[in-house]
1. So what J values fall out for the stretch 310-317 if you push phi through Karplus, 6.51 cos²θ - 1.76 cosθ + 1.60 with θ = phi - 60°, rounded to Hz, Gly and Pro as x?
2. With point charges of +1 on the Cβ of Lys and Arg and -1 on the Cβ of Asp and Glu, referenced to the Cα centre of the stretch 194-306, which listed residue (PHE203, TYR271, HIS291) lies farthest in the positive direction of the dipole?
3. Output the DSSP H helices from the chain with an along-axis C-alpha extent of no less than 27 Å and a mean Kyte-Doolittle hydropathy no less than -1.0.
4. Among VAL346, GLY29, SER332, which residue has its Cα positioned farthest towards the positive end of the charge dipole of the chain, with +1 placed on the Cβ of Lys and Arg, -1 on the Cβ of Asp and Glu, and the dipole taken about the Cα centre?
5. Over the chain, with every protein chain in place, what whole percent of the accessible area is carbon and sulfur at 1.4 Å, could you tell me?
6. What is the dipole size for the chain, taken about its Cα centre, with +1 at each Lys and Arg Cβ and -1 at each Asp and Glu Cβ, in debye to the nearest 20?
7. Before I look further, what does the chain give for accessible area per residue, probe 1.4 Å, in whole square angstrom?
8. Step through the residues of the stretch 323-328 one at a time and calculate ³J(HN,Hα) from phi using the Karplus curve (6.51 cos²θ - 1.76 cosθ + 1.60, θ = phi - 60°), rounding each to whole Hz and writing x for Gly and Pro.
Amino acid sequence: MDTAPHASLRFLGATGTVTGSRYLVETGGRRILVDCGLFQGYKQLRLRNWNPFPVPPKTITDVLLTHAHLDHSGYLPALVRNGFRGKIHATPATIELCGLLLPDSGHLQEEEARYAKRKGYSRHRNPLPLYTLEDARRSLDYFHEVPFDQALHLGDDISARFLPAGHLLGAASIRLTVHGRTIQFSGDVGRRKDPLMRGPAPFDGADILVTESTYGNRLHPDVDPAAELAEVINRVARRGGVIVIPAFAVGRIQGLMLQIARLRNSGAIPYVPVLLNTPMGTDATEIYHRHHDEHHVSLEDCKAMFDLAERVRTVEESKAVNRRNGPFIVISASGMLTGGRVLHHVASFGPDPRNAIVLSGFQAGGTRGAALLRGETSLRIFGREVPIRAEVIQIESLSGHADADELLDWMRTGRPPETTYVTHGEPEAADALRFRIEHELGWKARVPEHLERINIRRPR
Ligand SMILES: [Zn+2]
């Protein structure tokens, strides 16, 4: 009789979408969840956030968190509220960033539920938030620090190691070893050359690789993001317009501010006020100061980027921005226009053709950001149609994600896995990367189905 410990891997999210990263590894008495993200974008995906979790949260023993972005961490408050009592393991910077992101997410969900109730545009008479600010705060008690590159023991013959992934402060690829078998979760892989972050640690090989594929069918244009940004700022400033930059509060905002500070100091752009409308973006910048070893921005540049912006803190200040005359730049979350204060700015400035909306990160299918890129001329915001006549620009070179070539280069250095599972991409992107892995690396690769379970054989 075979009494060897059995393990399995199950894809609870991020299949056919870039959002909802959740992978479950089950072995013996342990249930280990890698990432616990929110589904975003298309309605049928967002509705999954409201489904009961596929296994009872109280039976999950550990969560291993690759990084703080909400599509990886944003379901944690709901997991805890619904009974999870284990440990959430993450790097110190990820914990600090989650300390900002999760309460902010809870606050936003409460605000949106209240707003929908007041304006009566929800189908529910009493719309409820997915979780509250208080739920989010409570979830922070379950976090435990794991330094990079150290073995984390999770029980008999089970251990994990967090390796730097670039992409965002604290972001990791996670190598999980279960009864002699290694599964590596790429997390979000950063760019080899990023103005802010160090490049990802090389892939060493694993028995199973679960890789992201956000840009699996795309290459970033080989242009200097600073030059692209300077061109846009100069053009819009000349016509007295307002530049609205929707950006994820952490990561993208710091990269943008750094670029703008350098452009301003070198005289490549005129003096244009920069407003940073997210209290969280401000605090996250301070966290970048504290974790100097993870990025390669000098203290001086850090300070310049920190001093660059006027802070918009209160709701009243935020409303005042919408009455202000251009030219100026306003940076505000969320990056895909799925929520946040930036929606009010797009509603105010979107209808005027002198203005510009600059998209700087990946726009998941089903989001307002993706609709703008498709050329939609109106957006539904807070229950009404807002005409968009502002110029819409995407600066892809500002992306925090490796493109398809960079992903393949990252994999190429490692021993070939038995199977590589391609996740965290829209269907075309995931399939394109799968094809290139099979044909260019000669590895076996598959795009898993939602909720599919893979048995992990023990070593022979
Ligand atoms: Zn990310």
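1. In residue order, the calculated couplings are 7, 8, 10, 10, 8, 4, 5, 4 Hz.
2. About the Cα centre, the residue reaching furthest to the positive side is TYR271.
3. Numbers: long enough: 92-119 (40 Å, -0.59).
Going by DSSP H runs, the hits are 92-119.
4. Towards the positive end, the residue furthest out is VAL346.
5. On the way: 9230 of 18740 Å².
Carbon and sulfur atoms account for 49 percent of the accessible area of the chain.
6. Details: 57 positive and 53 negative charges, 307 e Å.
Approximately 1480 debye in magnitude.
7. Here the residues of the chain average 41 Å² of exposed surface.
8. So the J values, rounded to whole Hz, are 9, 7, 8, x, x, 7.
The values are calculated or read from the model by the stated rules, or taken from the named source; none is laboratory data. As the structure is a computational prediction, the values presented were derived from the model and not from experiment. Here the Cβ is made from the backbone with ideal geometry for all residues, glycine too, and neighbour counts use every protein chain on show. Accessible surface is based on the protein model in full, side chains and every heavy atom, while ligands, DNA and RNA are left aside. Shrake-Rupley method; radii C 1.70, N 1.55, O 1.52, S 1.80 Å.
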